[in-house]
Amino acid sequence: MTRLDLRGVAIFKGWLDPGRQADVVAAVRGVVAAAPLFSPDTPYGRPMTVRMTSAGAFGWISDRTGYRYALQHPSGVRWPPIPDAILRIWDEVTGLARRPECCLINWYGEGARMGLHQDRDEADFTWPVVSVSLGDDGLFRIGSTTRGGRTESIWLTSGDVVAMGGDARLIYHGVDRIRFGSSRLLPRGGRINLTLRVVT
């Protein structure tokens, strides 16, 4: 495992070995069985290219009424609990007693991307955001805490973990593209990104 720091963002390369990656994917499949992936729209009416679901007390959703946290999946069911295999990553990376209340699960298929954005729908920005990459490589782009200006990019591979906290908590970030089929972790290809957040 190697730690890199890019603009205050901590990037832990190879944090999860192949066995743990498989365990986390199995846990994600359990979440998806209870709260299926859905295709959200932005508030501007444009469909997002990722499919998503959540686990925890809250789930993050997007539709024409805005970006927000909700207590229920769009189908009306409650979000399932965050699996222990995922919570363990938060515990190891942050060392915090407080645990996340939301695990947002984004699935990137071929051609999917995520534009530069801030994670700012939470009540208290003193808590970090922890992101886990599984499956195909994703080109992760980091800007600054204000929109515009120079950016830097790094390829995230399966098992990498990213922590955004402190001065980097509100940094703009996104995923420009994935190398579809670059990993054998997911039989049909694609990238799973887990984002762990304290909401309240």
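Quick one: order 73, 117, 173 by neighbouring beta-carbon count within 10 Å, fewest to most. Could you put the intermediate results ahead of the total?
Numbers: 73 18, 117 12, 173 24.
Listing 73, 117, 173 from fewest to most nearby Cβ atoms yields 117, 73, 173.
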Charge-dipole axis of the chain as Lys and Arg at +1 and Asp and Glu at -1 on Cβ define it, positive-most pick from 24, 166, 139: 139
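What value does segment 10-86 have for Rg/Rh, both radii from Cα atoms and Rh as Kirkwood defines it?
Rg/Rh for segment 10-86 comes to 1.04.
Out of segment 25-79, which trypsin sites (Lys or Arg not before Pro) are coil in DSSP terms and have no more than 13 other C-beta atoms within 10 Å? Can you show the working numbers first?
Values: sites: 29, 51, 64, 68, 78; in loops: 64.
Loop-located and lightly packed - 64.
Compute the length gained on full extension between residue 182 and residue 78: take 0.36 nm times their separation in residues and subtract their Cα-Cα distance, giving the result in nm to one decimal.
Working: separation 104, 0.36 × 104 = 37.44 nm, distance 3.39 nm.
Net length gain for the segment: 34.0 nm.
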Any idea how far apart residue 57 and residue 20 come out in nm if each label point goes 7 Å out from Cα toward Cβ? 2.6 nm
Pick from 54, 158, 39: which residue has the top mean-square fluctuation in a GNM of the chain where Cα pairs under 10 Å get a spring? 39
Cut-off 10 angstrom, C-alpha nodes, Gaussian network model of the chain. Which of 155, 15, 79 fluctuates the most? 155
Which residue fluctuates the most in the chain, going by a Gaussian network model with Cα springs under 10 Å, if the choices are 150, 177, 99? 150
Relative contact order [Cα under 8 Å, 6+ residues apart], segment 2-197, whole percent: 25 percent
Stretch residue 99-residue 145 to full length: gain in nm at 0.36 nm per residue minus the Cα-Cα span? 14.1 nm
In debye to the nearest 20, the charge dipole size for segment 2-197, taken about the Cα centre with +1 at each Lys and Arg Cβ and -1 at each Asp and Glu Cβ, equals 360 debye
Based solely on C-alpha atoms, express the radius of gyration and the Dmax of the chain in angstrom. 15.5, 42
Between segment 51-113 and segment 135-169, how many Å separate their Cα centres? 19 Å
Cβ-based exposure ranking for 48, 164, 1, 114, in which fewest neighbours within 10 Å come first: 1, 48, 114, 164
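With n ≥ 4 as the cut-off for DSSP H runs, can you work out [θ] at 222 nm for the chain, using -39500 (n - 2.57) per run divided by the number of residues, rounded to the nearest 500? Mind dumping the intermediate values first?
On the way: 2 runs with 28 residues, N = 200.
Value at 222 nm, helices only: -4500 deg cm²/dmol.
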Place a point 7 Å from Cα of residue 124 in the direction of its Cβ. Which residues in segment 87-109 have their backbone N less than 16 Å from it? 95-102
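None of the figures in this text is laboratory data; all of them are computed from the coordinates on show. Since this is a predicted model, take the numbers as computed values, not measurements. Positions of Cβ are backbone-derived with ideal geometry, glycine not excepted, and every protein chain shown enters the neighbour counts.
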